[in-house]
Amino acid sequence: MGEVSLSSEQRVFMTGNETVAWAAIAAKADIMYGYPITPQNEIMHYWTRLMPKYGKKFLQTEDEISAGFTLAGGVISGAKAFTATAGPGNVLMQESASMAEMMRLPAVYIIQQRGGPSTATVIYSQQETTITTFGGNGEGHRIVFSTSTHQELFDYTIKAFNSAWAYRFPTFVLGDGYQAKMREPLTIYDPEQRGINLVKPEPILGIRPNGSKFTHLRNTYNTEEELYKVVMANQAEWEEMAKKVVEWDSRDCEQADVIILTHGVVSRAALGACQQLREQGHKVGYFRPITLRPFPGEQLKAAIKQAKKILIAESSYGQLVKLVENALYGSTVEIVPMLRPGLGITTEEIVDEYNKL
Amino acid sequence: MQELKENMVFQPAMPKSWNEETKPHKFCPGCGHGIILKMLGEAIDELGIQEKMIFGCDIGCSLLAWDFFKVDSVQTHHGRTTPVVTGMKRAHPELICVAYMGDGGGYAIGSQHLFNAAVRNERVTIILCNNCNYGMTGGQMAPTTLPGMKTETTPYGRDVELTGYPTKGSEMVAAVAPEGAYVARGTVANPRQLKGFIKKALQNQIDGNGISFVECLSGCPTNWRTNAKQTWEFIEKEMTAYFKLGELRVPQAKEV
C-alpha cells in the first residue's frame, strides 16, 4: 500500500484509532490534548506522528481532568481542539464537559468505551452510554454520536467538529474498544473536496479581528433565577439544535412485528440478525439511534407503530433501555431486554434471543 | 498615585485596565484581593498588554474577579484555571495568559496541575493569593493554614501531626521548574514590591522564558475574626515567619 494521504479519496485498511486521527486531520483540527488510557492510545500515537507533516499540536497532560480543561482553554482561544479517552478517564472528563455545557464551548471528545465500573477491562463495553449522554451536574446539553463502523468513525468525527462549532455544545463521538482496535476497510477523503463545508473556529476570548469589546465568561451565578434563565436559554437552543442534528437508521420497521434496537457496534450484529430472520420470513425491523443525545424519540415512535415487541440488545445493563423507555413513555409496546454488560454481542446470539420471544 | 476629585477630595487613581462598572469590588472589607488585583492592574497598564491577554480566575474568593478587569476573562472550575490558561497558551502562544487563584485552588485541588505546569515550564503567569484559609466557603483549613491556627475544620488549632505542615508553594514551584522560570513571594503589606514581582512575572511570559509564579501573602479578617491591627500583625509577622518573602527563581540574563 502506498502512502496514506487525504489529497484524494483513498481506500485504506486501518484501526479505528488511526481512523480518528486521520479524521481529525481531515476536519482541520489544530491541537489535541490527551492522557494515556487504553483503548484509545493510538489516537494520540497517530496524531503525534502526523503532526509535523500537517503542522498540528499536541499536549500530553498530567491527567484527564487537565486534558479536559486544557481542551476548554484551547477552544476558548479559538483553536479547533479535541481529546480522547475511555472509562475512568471519561469519568474525569465530565467535569470539563459540564463547564463546556454551561459556557457553550465547542469541545470535541472521542470516547472509546472500555469495561466498567471502575478500571474493569481495557477491552470493550457500552457502559459509558449514560455518562456520555448525561454526565456532569447538568441537563445533558451536548451532542453524542454513536458510531458502528470505521467509515462512521471517520465521517462522524468530522461531523462532530462541525456540530460543535456550529451549535457550540460539547460533542462526543462514542466508539468502543472493538472499533478502536480492529482493522477494517474504509474510504478517507478531504471533506471539502466532497463539498462538505468545514465550520471555521473563532476565538471566544483573546485577540479578535474587531478587538474592541471585552468579554467576561463565567459559569457561576448568584441567584436561582439568574441560573434558571441561563439553563432555560441553553435548553431552548439545545432543542432547536436537536431537530437539525438528530440521526437514526430505520429499516423494514413499517410492517415489523418485532424491532431489534441497538446502538454502536452492536448494530452490526443486529443488522446481520435482521437480514437472516427476514430471509427466513420473519417480520423483523431494525432501528438504531445514531445520535444518543439528542435521542431520536419521535422517529422511534413512528417506526414502532405496528410493532408488538422491541428487542433491545446492548453491552451494558439497561443504559440503552433507559433512553428508549424515556422516549417511549406511554407506549404499550413490550420491551424485551438483552443485556450483556462488558460482553460483545454476535448476530447468532441476537437470532437466538429472537427465537426465544 | 492620586487624582483630585470634586470638592478637593483626593482619591487613588484606578488602573486603566480595571472595569469601573464593577467597582466598588465585591471583596470583604480588609481583604487582600483588592490590593493584589490593583497591583496586577497597574502592571497590565504599564506593560500595555490589556488587549493581548486573557485573565482566568478560579473558584473561591478569586472568582469574584471574573469581571474585575477590562480584559477578556474566564472564570473556570476550582483548581482548573492552570490547565485552562495552559490550553490557551499552547494553542495560541501570542496570547498573554494569566491564572488567578487561591491557595486551595493552587495547592490542594489543583496542585497536580500547578506542579506539572511548572515541570513543563508552561509559558503562563500564575498569581496565587495565600490567606491561610478557604475564605469563600467560610474559613476552613487550607494547605497554607499555619501550625496551631484555628479554622472551622481545626477548631482547636491545626495539628501538624494529623494534617502536616503548611505547603510552601513558591518553594515547590521553584524546585521543579526548569531554567527560565520566575518564582517569587510578595505580600499585600508591601504593594510596591508585589507589583514589581507581578510585572516581572508578566514580562517573563512575554519574553517566552518559562513559567512565572507569584504567591501573594494576603489577609482574611472576616474568617480570621481579626481587627485591622491584628490582621496586619498576622500578615507581617506570623505569615512571613513561615512564608519567606522575595524572589526564589529569576531567569539568567541573556548574553548580549
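What follows is calculated from the coordinates using simple rules that are stated; it is not laboratory data. What you see is a predicted model; the values in this text were computed from it and never measured. Note: ideal-geometry Cβ built from the backbone for every residue, glycine included; neighbour counts use all protein chains shown.
Listed by chain and number, the aspartates and glutamates whose C-alpha is less than 13 Å from the C-alpha of B:LYS23, apart from same-chain residues fewer than 8 away, are B:ASP67.
Which semi-axis lengths, in whole Å and largest first, follow from the square roots of five times the eigenvalues of the Cα gyration tensor of the range A:108-177? Mind dumping the intermediate values first?
On the way: eigenvalues 87, 55, 10 Å².
Computed over the range A:108-177, the values are 21, 17, 7 Å.
Could you give each residue of the range B:198-208 its phi-based ³J(HN,Hα) in whole Hz, using Karplus coefficients 6.51, -1.76, 1.60 with θ = phi - 60°, and x for Gly or Pro? Each residue of the range B:198-208 in turn: 5, 5, 5, 5, 6, 4, 4, 5, 4, 6, x Hz.
Cross-link pairs exceeding 28 Å between alpha carbons, from the set A:LYS28/B:LYS16; A:LYS56/B:LYS52; B:LYS168/B:LYS237; A:LYS181/A:LYS283: A:LYS28/B:LYS16; A:LYS181/A:LYS283.
All distinct Cα pairs of the protein assembly as shown go into the 1/r average, and the inverse of that average, the Kirkwood radius, is 26.2 Å. The order of B:HIS25, B:HIS77, B:HIS92, B:HIS113, going from fewest to most other C-beta atoms within 10 Å of their C-beta, is B:HIS25, B:HIS92, B:HIS77, B:HIS113.
Inverting the mean 1/r over all pairs of different Cα atoms, compute the Kirkwood radius of chain A and quote it in Å.
Values: mean 1/r = 0.0479 Å⁻¹.
Result for chain A stands at 20.9 Å.
Rounded to the nearest whole Hz, the Karplus-based 3J(HN,Hα) values (6.51 cos²θ - 1.76 cosθ + 1.60, θ = phi - 60°) of the range A:325-330 follow the sequence 4, 4, 6, 9, 3, x, with x at glycine and proline.
For the range A:178-244, trypsin sites (Lys or Arg not before Pro) meeting the loop criterion (DSSP other than H, G, I, E, B) and having at most 14 other Cβ atoms within 10 Å: A:ARG194, A:LYS213.
Using the 10 angstrom Cβ neighbour count as an exposure proxy, how do B:CYS28, B:CYS129, A:CYS253 rank, fewest first?
Values: B:CYS28 16, B:CYS129 31, A:CYS253 21.
Ranking B:CYS28, B:CYS129, A:CYS253 by Cβ neighbours within 10 Å, fewest first, gives B:CYS28, A:CYS253, B:CYS129.
At q = 0.14, 0.23 Å⁻¹ the log10 of I(q)/I(0) for the range B:112-196 amounts to -0.61, -1.11, computed by Debye summation with a single uniform scatterer per C-alpha, solvent ignored.
Every Cα-Cα pair of the range A:238-357 was included, and the share exceeding 22 Å stands at 27 percent. Springs between Cα atoms under 10 Å define the GNM used for chain B, and in it the highest mean-square fluctuation of B:ASN223, B:ASN190, B:ASN133 occurs at B:ASN190.
This model, with +1 at the C-beta of Lys and Arg and -1 at the C-beta of Asp and Glu, gives the range A:249-356 a dipole about its Cα centre of some 220 debye.
Taking a ≥ b ≥ c as the square roots of the Cα gyration tensor eigenvalues, with a/c under 1.5 meaning rounded and otherwise prolate when a/b beats b/c, else oblate, which class fits the range A:10-194?
Values: a/c = 1.43, a/b = 1.13, b/c = 1.26.
Verdict is rounded for the range A:10-194.
Starting from one equal scatterer on each C-alpha and no solvent at all, send me the Debye-based log10 I(q)/I(0) for the range B:41-173 at q = 0.13 Å⁻¹, two decimals. Values, matching the q order: -0.56. Note on A:GLN60 and A:LEU198: their simple-model spin labels are 2.6 nm apart, each label 7 Å out from Cα toward Cβ.
Taking GluC sites (Glu not before Pro) across the range A:171-233, the ones in a DSSP loop with at most 13 further Cβ atoms lying within 10 angstrom of their Cβ are A:GLU192.
Counting only DSSP beta bridges with both residues in the range A:10-194, the antiparallel share comes to about 25 percent.
In which sequence would A:LEU6, A:LEU227 go, from the one with the fewest C-beta neighbours within 10 Å to the one with the most?
With the fewest neighbours first, A:LEU6, A:LEU227 line up as A:LEU227, A:LEU6.
Other chains near A:51-62: what is the mean number of their Cβ atoms within 10 Å of each residue's Cβ? The partial results should precede the final answer.
Numbers: counts 0, 0, 0, 0, 0, 0, 3, 1, 8, 2, 9, 10.
Whole-number average of other-chain Cβ neighbours for A:51-62 is 3.
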